[in-house]
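See structure below.
Just so it is clear, none of the values below were taken in a lab; they were calculated from the coordinates. In this text, all values refer to a predicted model and were calculated from it rather than measured experimentally. Note that each Cβ is placed from the backbone with ideal geometry, even for glycine, and that neighbours are counted across all protein chains shown.
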Amino acid sequence: MGIVEELGSGMRKMFKYTPLYANGKEPIIEEQDVYRIEIPYIPTLQTTETESGLKSGLKSRLKTTQEKILSLIEENPNITYAEIVETLGMARSGIAKQIRQLQLIGRIKRVGPDKGGHWEIVEE
């Protein structure tokens with residue numbers, strides 16, 4: 001662990017930002033022959049007191065991205081991930097994360113199969 005920490009700031013950032021995304025929970029490290037790190041994750045889009053340390057630009061960007069996705073789905077319910085990625089100019093993994101979050105909070109749902117199905121926006 002010590003050698004890994006000297007090589008970069010990944011461990012430091014993990015301990016700094018995990019509590020912000022996991023309602024104050026810290027990462028758990030088990031050291032044996034091989035070490036294991038357990039990072040708690042609680043999916044939520046609601047702003048909490050512990051998130052006050054995050055930059056407001058990141059929060060607004062996420063919200064804006066989700067709004068853009070909702071707008072694209074509203075315009076074309078048959079839109080694909082590839083079309084959303086191309087339109088927004090983001091990585092597919094970033095788009096997938098935003099869509100998963102929108103599904104988790106019940107704003108959108110997928111009707112039918114991946115090929116041939118469509119998106120529906122659930123009214124609040």
Self-check item: Vicinal HN-Hα couplings computed from phi for the stretch 102-119 (Karplus, 6.51 cos²θ - 1.76 cosθ + 1.60; Hz; Gly/Pro x)
Solution: 5, 5, 4, 8, x, 7, 9, 9, 9, 10, x, x, 4, 9, x, x, 8, 9
Exercise. Search the structure for amide H atoms under 5 Å from the amide H of Ile108, placed 1.01 Å from N in the peptide plane, and list their residues when 5 or more places away or on another chain.
Key: Gln103, Val122
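If you average the sequence gap of Cα pairs under 8 Å that are 6 or more apart and divide by the length of the stretch 55-121, what percent do you get for the contact order?
On the way: 51 pairs, mean separation 21.8, N = 67.
Value for the stretch 55-121: 33 percent.
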Quiz item: Taking the highest mean first, how do the peptides 18-28, 73-83, 108-118 order by number of other beta carbon atoms within 10 angstrom per residue?
Solution: 18-28, 73-83, 108-118
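Any number yet on Rg/Rh for the stretch 55-121, C-alpha, Kirkwood?
Values: Rg = 11.6 Å, Rh = 12.1 Å.
Rounded to two decimals, Rg/Rh equals 0.96.
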Exercise. Work out from phi, with θ = phi - 60° and the Karplus expression 6.51 cos²θ - 1.76 cosθ + 1.60, the ³J(HN,Hα) of each residue of the stretch 81-94, listed in order in whole Hz, and give x for Gly and Pro.
Key: 4, 4, 5, 5, 4, 5, 5, 8, x, 10, 5, 4, 5, x
